[in-house]
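Notes to accompany the following structure.
What follows is calculated from the coordinates using simple rules that are stated; it is not laboratory data. Everything quoted here is computed from the prediction, not taken from an experiment. Glycine also receives a Cβ, built like all others from the backbone with ideal geometry; neighbour counts cover every protein chain displayed.
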């Protein structure tokens, strides 16, 4: 069943059908929320709030974009609003152990143990500003296109590309700093 069919069912009175959207988007929404607030419990609350907002606003969804884009925009905005309210410093972010962080130059993988590399990335993402970590999660974790990220964040395309490049550079520099034995050509 497509998202459009589910939405039509919900809008026709079958409120239980919304649980299909929750099941489909909960995991990725939680990952996005974590990349913004860097706190597991707050991220869970944000996702729950975002689903409530999506449910109550579902009639306003016009279908001009994918439901996922519209919903991730809600998660993104809710996360930024929570950060602004609490002025919290990011605490932690989780990466799936089996995820290969493919935004780092491939030659680094040949020189460093995967476990160590994942640990460095996890720690550095924890310290990274949500300005970069949220956009990186949308692009690499959620596999959103540039156009989808523009729709979700409301940022211009150039800003998104800049934040991705700076986020990658921050991670690359952290790996080089923490693993001085690596042979990395200077570009």
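A few remarks follow.
- Residue 24/residue 129 FRET efficiency (R0 25 Å; Cβ-Cβ; nearest 0.05): 0.25
- Stretching the chain fully between residue 66 and residue 11 yields a gain of 18.1 nm (0.36 nm per residue, less the alpha carbon separation).
- Nearest-0.05 FRET efficiency for residue 181 and residue 2, computed from C-beta distance (R0 35 Å): 0.10
- At R0 = 35 Å, FRET efficiency that the Cβ-Cβ distance of residue 52 and residue 116 yields, to 0.05: 0.30
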